[in-house]
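Enquirer: The structure that follows is given in the form of structure tokens.
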Amino acid sequence: MLTMEDVIREGHPTLRKVADEMTLPLTNEEKELADKMLEFLINSQDPELAEKYELRPGVGIAAPQVNVSKRMIAVHVPSEDPEETDPEFSGILINPKIISHSVQQTCLSEGEGCLSVDREVPGYVPRHKRIRIKYFDIEGNEHNKRLKDFPAIVVQHEIDHLNGVMFFDRIDPENPLALPDDVDILGSDTQ
Ligand code: 4LI
Ligand code: NI
């Protein structure tokens, strides 16, 4: 099982590397890591398990955050509707690629957090509002998917990790709360 001890923090050189493309089929070791990354997210969102194992809640984690420089991310975004048990978007994305995106941008009103960043960095992080992504699942099947709003933000945040980019790199250092005209703001209730 993965815990916060497995998550490397800001300042670790792996977080600044461009991660390697994965070759399919995945090895058993790579599949096990994929399962553990998704399990980490699910556990981190469970109040009892999060407290028991001291996990910070997250909806996305990238392999480089556990010091594996490969192009793999796990995403687990719960539904906005608390009655709904199925997540809005969940899975392991291998070699994910944004193939197109909207001109319109969006950002979280409360800013972004990251499991590898142990401080609050205030400011808007502009992201594409809508993206079309291509990726492979752990079985090697190719997927093509459209995402918008929070799930799209999470996937862009995690793909950034594969390219050595941290969310605060995208905050305007002069004016952290400055927003270009074509950016809307997504409330914290829009997870
Ligand atoms: C508990 C149980 C307020 C502050 C609102 C918590 C289940 C911030 C938002 C969660 C903020 C769940 C999240 C991300 C933000 C803030 C990530 C709570 C977990 C909200 C996910 C990757 C950025 C993703 C919306 C500094 C660890 N996640 N909140 N940002 N949630 N969560 N990010 N922003 N201000 N980070 O952090 O997983 S993209 Cl689901
Ligand atoms: Ni992160």
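The values are calculated or read from the model by the stated rules, or taken from the named source; none is laboratory data. The structure presented is a predicted model; accordingly, all values stated were derived computationally and were not measured. Methodologically, a virtual Cβ is constructed for each residue, glycine included, from the backbone with ideal geometry; neighbour enumeration extends over all protein chains shown. Side chains are part of the model used for accessible areas, which takes the heavy atoms of the whole protein and leaves out ligands, DNA and RNA. Shrake-Rupley method; radii C 1.70, N 1.55, O 1.52, S 1.80 Å.
Enquirer: How do the peptides 52-65, 160-173 rank, highest first, by the average count of neighbouring beta carbon atoms within 10 Å per residue?
Expert: Averaged packing, sorted descending, gives the order 52-65, 160-173.
Enquirer: At 1.4 Å probe size, with every protein chain present, just tell me what the per residue accessible area of the chain comes to in Å².
Expert: 53 Å²
Enquirer: So if R0 is 25 Å, what FRET efficiency would ARG132 and ASN163 give, r being the distance between their Cβ atoms, rounded to the nearest 0.05?
Expert: About 0.85, to the nearest 0.05.
Enquirer: Here is the link list: LYS52/LYS129; LYS70/LYS145; LYS17/LYS52. Which ones come out longer than 27 Å on Cα distance?
Expert: LYS52/LYS129; LYS17/LYS52
Enquirer: Could you compute the net charge surrounding LYS97? Neighbours are other residues with a C-beta less than 12 Å from the C-beta of LYS97; K and R count +1, D and E count -1.
Expert: Value of the local net charge: +2.
Enquirer: A further question on this structure: Once both axes come from the Cα atoms, what is the angle between helix 149-162 and the longest principal axis of the chain, in degrees from 0 to 90, rounded to 10?
Expert: On a 0 to 90 degree scale, this one is about 60.
Enquirer: Same structure again: At a 1.4 Å probe, what is the % contribution of carbon and sulfur to the accessible area of the chain?
Expert: Carbon plus sulfur share of accessible area: 46 percent.
Enquirer: Say each of THR3 and ASP181 gets a label point 7 Å from the Cα, pointing the same way as Cα to Cβ; how far apart are those two points in nm?
Expert: Inter-label distance under the simple model: 5.3 nm.
Enquirer: Where Lys and Arg each count +1 and Asp and Glu each count -1, what net charge lies around SER69 among other residues with Cβ under 12 Å from its Cβ?
Expert: +2
Enquirer: By average Cβ neighbour count within 10 Å, what is the ranking of 83-91, 33-41, 138-146 from highest down?
Expert: In decreasing order of mean packing, 83-91, 33-41, 138-146 become 33-41, 83-91, 138-146.
Enquirer: Quickly estimate the mean residue ellipticity at 222 nm for the chain, helices only: each DSSP H run with n ≥ 4 gives -39500 (n - 2.57), and the total goes over all residues, rounded to 500.
Expert: Here the helix-only value at 222 nm equals -6500 deg cm²/dmol.
Enquirer: Averaging the inverse of every distinct alpha carbon separation and then flipping it gives the Kirkwood radius. What is it for region 4-186, in angstrom units?
Expert: The Cα-based Kirkwood calculation yields 16.8 Å.
Enquirer: While we're looking at this one, here's another question. Using only the alpha-carbon atoms, how far is helix 28-44 inclined from the longest principal axis of the chain? Give it as 0 to 90 degrees, nearest 10.
Expert: In the chain, helix 28-44 runs at an angle near 50 degrees to the longest axis.
Enquirer: Modelled label-to-label distance, GLU84 and TYR53, 7 Å Cα→beta-carbon offset: nm?
Expert: 2.6 nm
Enquirer: Compute the distance from the alpha-carbon center of region 58-87 to that of region 122-183, in whole Å.
Expert: Cα centroid of region 58-87 versus Cα centroid of region 122-183: 13 Å apart.
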